[in-house]
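See structure below.
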Amino acid sequence: MNQRRDAWYWAMYDWANSGFATSVMAGFFPIFLKEYWSSGGDVALSTFRLGNANGGAALVIAILAPALGAIADRRGGNKTFIGLFATLGIVATAGLYFVNQGDWPRAIAFYVIGAVGFAGGNVFYNAMLMRIAPRHRWDIVSARGFALGYLGGGLLFALNVGMVLEPHWFGLADLRQAVRVAFLTVAVWWAIFALPLLVFVDEARPSDVRWGRAVGEGMRELRDTFRRIRRLKPVWTFLLAYWLYIDGVNTIIAMAVDYGLSVGLNANALIIALLLTQFVSFPSAIVFGRIGARYGARRGIAIAIAVFAGATFWAMFIRSAFDFYSIAVVIGLVQGGIQSLSRSYYARLIPAGLAAEFFGFYGVVGKASAVLGPFLVGWIALLTHNPRYAIGAIIFLFAVGGAMLATIPEPKQVVHLSR
C-alpha cells in the first residue's frame, strides 16, 4: 500500500463531488428554483421550499448514515458504498437537465436524491481518512481533501459561470439552457474524477458475510455504538457542539444565494461572490491544516466559529453586492478550515478500529444539523416575510456550539474502548 499515493487519490474524490456542492447546491439550484421552476411565485414560499428540500435530504442521511457505517465496519468495502452513493448523486444531478419550467416538485425530488448521494458517499469517504494516512498527518491530509474540493469545485463553477454569463461563447441558446447544461457538466465531472479513488486506492476485500446478516449485526452494532459514545464524554460533547456549529455552516452554504435574491441582489453578482469564496477557501483550508497541526485543531475550529458568527451578524445588514462580496471573502477564509479540522479533531477523539462506525455517527450529526438550520430559515422567512430575521437566527447555533467546544480538552492519546 502506497499511503502517499492513496492519500492523493482519496483527496481527489473531494475534487470530484464538490461540483455538486458549488454549482448545484450553493449556486444554480437556488436561483433556478426561485426564478425558473417556481417562476411567478411568492419569494418567501420558494425559500420555504428550498429550506425543506435541504432539510429533507439531510434527514434521510441522518437516518441512514449510522446504520450504513456500522454495516461497512462489519462487511468492509467503503469504496463500494462510495461508488453506490456517487452513482445515485450523478444520475439525479443529470436528471435536473430534463426538468421543465414550473415543475418545482420534480426539481426538488432530483435535488434531494442528488444531495443524498453526495452526503451518503461522504460518510464512507470520511471514514477512510484513518486508513489512508498515519495519525500525525490527519490534519494535513484532511485539509488537502477540502482544499482540492474547493479548487476543483471552484474551477468547474468558474466554467459554469462563464457558460451562464456568456452562453453564446459555448454554443448555447440562452442563460436557461446554460444552467441546465451546467447540471450535466457536474454529473460528468463527478463521474470522471471519482475514478482514481474507486479504481486505484487499495482496500481490504469485503468479508463474505451475507448482506442480511451484515444488516442485522450492523443495527445491533448501531445500538451498541450509541452506548459507547455516551461513555466517552469528549466524543459526546463534541458531537453535540458540532451538531450546532456545523448546522450554521451548512445553512449558510445552502441558503446564501437564496438570501441574496430575497434581499434584492442581482443573481450574477451572487454567483460571482460564490466563485470568489471557492478560490479564497482553497489556500485557506491548507493554512488551517497547518494551524491545527501546530496549535491544535480545537483552537482552529474556535477561531472559525467566531468568524462565522460575526459574518452572519454582518449579513443581516447588507445593502449592496459589495457587502455580499466582502462577506464571501471572510467566509472563504474559514469555511474549509472549520470542516477539515472538525474531521481530523474527531478522528483523534474516537476509538481505534471503529472508524466507519463512529464516522457514521459523525455523518449523522453533520447531516442532522443540516436539518435544523434550513427548516429554521425557511419557516422564519415564511412567517415573518423578513429574510434578515431568518439569517440572523443562525448566530445562536454558532454561539452555543462554540461554548460547548470550549469545554473539551485537546486529545493527547489514541482512544481505546472495549466493546
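The values are calculated or read from the model by the stated rules, or taken from the named source; none is laboratory data. Being a predicted model, the structure only gives us computed values, none of them experimental. Cβ placement follows ideal geometry from the backbone for every residue including glycine, while neighbour counts extend to all protein chains displayed. For accessibility, only protein heavy atoms count, side chains too; no ligands or nucleic acids. Shrake-Rupley method; radii C 1.70, N 1.55, O 1.52, S 1.80 Å.
Structure data summary
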quantity	calculated
Two-decimal Rg to Rh for the chain - Kirkwood Rh, Cα set	0.95
If the convex hull is drawn through the Cα atoms of the range 262-322, its volume per residue in Å³	83
Residue 287-residue 135 FRET efficiency (beta carbon distance; Förster radius 25 Å; 0.05 resolution)	0.75
Mean Cβ count within 10 Å, highest first, over the residues of peptides 388-399, 96-107	388-399, 96-107
Farthest positive-ward along the range 238-344 dipole, Cα basis, beta-carbon charges - from 324, 276, 262	276
Of 91, 141, 185, farthest towards positive along the dipole that unit charges on Lys, Arg, Asp, Glu beta carbons give the range 83-214	141
Bins of 10 Å, starting at 0 and running to the largest distance - Cα pair percent for the range 259-402	11, 33, 37, 15, 3, 0
Ranking by accessible area, most exposed first, for 320, 342 with a 1.4 Å probe	320, 342
Computed accessible area, residue 59, all protein chains, 1.4 angstrom probe, square angstrom	90
Which of 79, 233 is most accessible, then next, and so on - probe 1.4 Å	233, 79
In nm, spacing of pseudo-spin labels at residue 326 and residue 192 (7 Å Cα→C-beta vector)	3.9
In order through the range 236-243: 3J(HN,Hα) via Karplus (6.51 cos²θ - 1.76 cosθ + 1.60), integer Hz, x for Gly, Pro	4, 5, 5, 4, 5, 4, 4, 3
Degrees between helix 394-405 axis and first principal axis of the chain (Cα, 0 to 90, nearest 10)	20
1.4 Å probe accessible area per residue over the chain, in Å²	39
Simple label model, 7 Å out from Cα along Cβ direction - residue 227 to residue 165, nm	5.9
Residue 110 accessible area, 1.4 Å probe, all protein chains in place, Å² to nearest 10	70
Electrostatic dipole magnitude of the chain [Cβ: Lys, Arg +1; Asp, Glu -1; Cα centre; debye, to 20]	1480
Heavy-atom accessible surface of the chain: percent carbon and sulfur, 1.4 Å	65
Angle in degrees between helix 355-384 and the longest Cα principal axis of the chain, rounded to the nearest 10	30
Separation of alpha-carbon centers, the range 1-42 and the range 226-282, rounded to whole Å	14
For residue 350, solvent-accessible area (1.4 Å; no DNA, RNA or ligand), Å²	0
